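Data block below; observations after.
The values are calculated or read from the model by the stated rules, or taken from the named source; none is laboratory data. All of these numbers come straight from a predicted model, not from anything done at the bench. Here the Cβ positions follow ideal geometry from the backbone for every residue, glycine too, while neighbour counts run over all protein chains shown. Accessible surface areas use protein heavy atoms only, side chains included; no ligands, DNA or RNA. Shrake-Rupley method; radii C 1.70, N 1.55, O 1.52, S 1.80 Å.
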Amino acid sequence: QVQLVESGGGLVQPGGSLRLSCAASGRILRLNSMGWYRQAPGKQRELVATISSDGNTNSVDSVKGRFTISRDNAKNTVYLQMNSLKPEDTAIYYCNVRVWESLMRLFDYWGQGTQVTVSS
């Protein structure tokens, strides 16, 4: 069993910044890929950004140049630095971690979500 604890959400004005953190703990043999998703009211959950085990990153076009995903393997933590925030970024943000619990057990785990609200 793996638990994810998210932090860093809140209310920010347009153009402001936030940094989200997601720390994993529990039965972890090796961390694989990690990522961030978001879901706005009445919308489907969408992928925001991912980072592979070797540090390669991908992100959706709408956040390119504004959001940066990173990881700290020593702390089992993934981050999402969000700059130049827009009202359209308002959503609940969820972290996702793919983890090897053993040599033959690979699972995806989800955080409980943190609210990001961008408004003047």
Which of the peptides 33-39, 23-29, 101-107 is most tightly packed, and how do the rest follow, going by the mean number of other Cβ atoms within 10 Å of each residue? 33-39, 23-29, 101-107
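Looking at the chain, send over the antiparallel percent of its DSSP beta bridges, to the nearest 5. Can you show the working numbers first?
Details: 43 of 46 bridges.
The answer is about 95 percent antiparallel.
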Accessible heavy-atom area order of LEU47, LEU20, highest first, probe of 1.4 Å: LEU47, LEU20
Suppose all protein chains stay in the model; what accessible area per residue would a 1.4 Å probe give for region 1-103, in Å²? 54 Å²
Anisotropy class of the chain from Cα gyration tensor, a/c 1.5 cut: prolate
Carbon-plus-sulfur fraction of the accessible area of the chain, 1.4 Å probe, in percent? 48 percent
With point charges of +1 on the Cβ of Lys and Arg and -1 on the Cβ of Asp and Glu, referenced to the Cα centre of the chain, which listed residue (SER17, TYR94, SER119) lies farthest in the positive direction of the dipole? TYR94
Could you rank the peptides 92-98, 5-11 by their average count of other C-beta atoms within 10 Å per residue, with the highest value first? 92-98, 5-11
Using the crude model of +1 on Lys and Arg Cβ and -1 on Asp and Glu Cβ, and no other charge, please compute the dipole size for the chain relative to its Cα centre, in debye to 20. 100 debye
